[in-house]
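Here's the structure, in structure tokens; my notes come after.
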Amino acid sequence: MNASQINVASDRFCSLEQDAVDMTLEDQEDACRYARREKHNFSREQRKLIQVMNVKRKRDFLCLENVNGEMVNILEGLELHTDVFNAVEQQKIVDKVCELQEKARKGELKRGFTPKGKGRSAIQFGCCFNYRTSKAGTPAGILRHETVEPLPALFKVIIRRLVEWHVLPPTCVPDCCVVNIYDEGDCIPPHVDNHDFLRPFCTVSFLSECNILFGSNLKLEENGEYSGGSYSLPLPVGSVLVLNGNGANVAKHCVPEVPTKRISITFRKMNESKRPIWFTPEPDLQWIQPLQVELESSSSSDHVY
């Protein structure tokens, strides 16, 4: 199946779904049965290619700031991929996170945190790391002598999709992640991710939409307000935000207080020289390659000056 055939098939399925909107319930059931028969005319691989083609991708973010005397696009390298996970898949992932959270509460996971104040609960897999220099003087970054649970099987399935579906490059397959669980009012302060982790890395959003702020001078004021935030980007449920280039290294980012419960999973690849001394690469995450499909380039624009 070539790209043209995939586009025709994809348009056909979308048309069937749209036609069903104004149908009676009985007609909708008939339309669904017909759509399923249509899909069965294609192989599993062809159906997967259709799904990949339906992912919406935005890569042309632009926000100019004066950085060290030069006008710089602080969002260069940022990508947003939506419709990567459907509702059923999202629920399966959320259920798994809730299961892991309960294990962390019981002390059954080695790196589960529930910070005081307006932080968020976090669970680390694949490696342990400090977000900031500890009171004992241990610098921020990967703790090479600390052990932690390996990536759960479901998370490895997610990683495989991210690479196969052209969200992350095969040169940067994640080998660790952190699960963030936000309750109402929780947040993440302004920061640039530690360079013990390679670029790009990504964050997948679940349960509710929230905004992420970017700015080279982004900071949290004493009154709890944020200053220096030049760009606010909504993160839809089931979307994947990829951070690379200036978007990962020049712009700080933060998640202000969320209005309702939210879950995110940030996937990263460790710098080989910073890996834990006990680390062994996951065999089923080796040699993953993107599916062979021709993708359309981003055509939308979102510029801030």
Report task. Inspect all residues belonging to segment 153-163 and state whether any of them is assigned to a loop (DSSP other than H, G, I, E, B) and either open to solvent by less than 20 Å² (accessible area, probe 1.4 Å) or not acidic (D, E) (or both). Result -> no
Requested in this report: Can you confirm whether segment 225-233 contains a residue that is open to solvent by 50 Å² or more (accessible area, probe 1.4 Å), modelled with pLDDT of 95 or more and in contact with a strand residue (DSSP E or B) (Cβ under 6 Å, 6 or more places away or on another chain)?
Outcome: yes
Query raised in the report: What do you reckon, is L162 out of contact with any strand residue (DSSP E or B) (no Cβ under 8 Å at 6 or more places or on another chain) and among the hydrophobic types (A, V, I, L, M, F, W, C)?
Result: no
Query - Exclusive hit being modelled with pLDDT under 95, of a type outside the set (F, W, Y), surrounded by 17 or more Cβ atoms within 10 Å (Cβ to Cβ) and more than 29 Å from the chain's Cα centre (by Cα), set A9, A35 - result: A35
Requested in this report: Might you let me know whether segment 244-255 holds any residue that is assigned to a helix (DSSP H, G or I), open to solvent by 20 Å² or more (accessible area, probe 1.4 Å) and farther than 19 Å from R57 by Cβ?
Outcome: yes
Query raised in the report: Restricting the search to segment 116-156, which residues are hydroxyl-bearing (S, T, Y) and either under 18 Å from C254 (Cα atoms) or touching a helix residue (DSSP H, G or I) at 6+ places or on another chain (Cβ under 8 Å) (or both)?
Result: S121, Y131
Report task. Would you confirm whether any residue within segment 199-208 is within 13 Å of the chain's Cα centre (by Cα), of a type in the set (V, I, T), under 23 Å from E257 (Cα atoms) and open to solvent by less than 60 Å² (accessible area, probe 1.4 Å)? Result -> yes
Requested in this report: Identify the single condition in (1) in contact with a Leu (Cβ under 7 Å, 6 or more places away or on another chain); (2) open to solvent by 20 Å² or more (accessible area, probe 1.4 Å) that L220 does not satisfy, given that it satisfies every other one.
Outcome: (1)
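The values are calculated or read from the model by the stated rules, or taken from the named source; none is laboratory data. It should be emphasised that the depicted structure is a prediction, and the values quoted were computed from it without experimental measurement. A quick note on method: Cβ atoms are made from the backbone with ideal geometry, for glycine too, and the neighbour counts reach across all protein chains shown. Remember, those area values only see protein heavy atoms, side chains included, never the ligands or the DNA or RNA. Shrake-Rupley method; radii C 1.70, N 1.55, O 1.52, S 1.80 Å.
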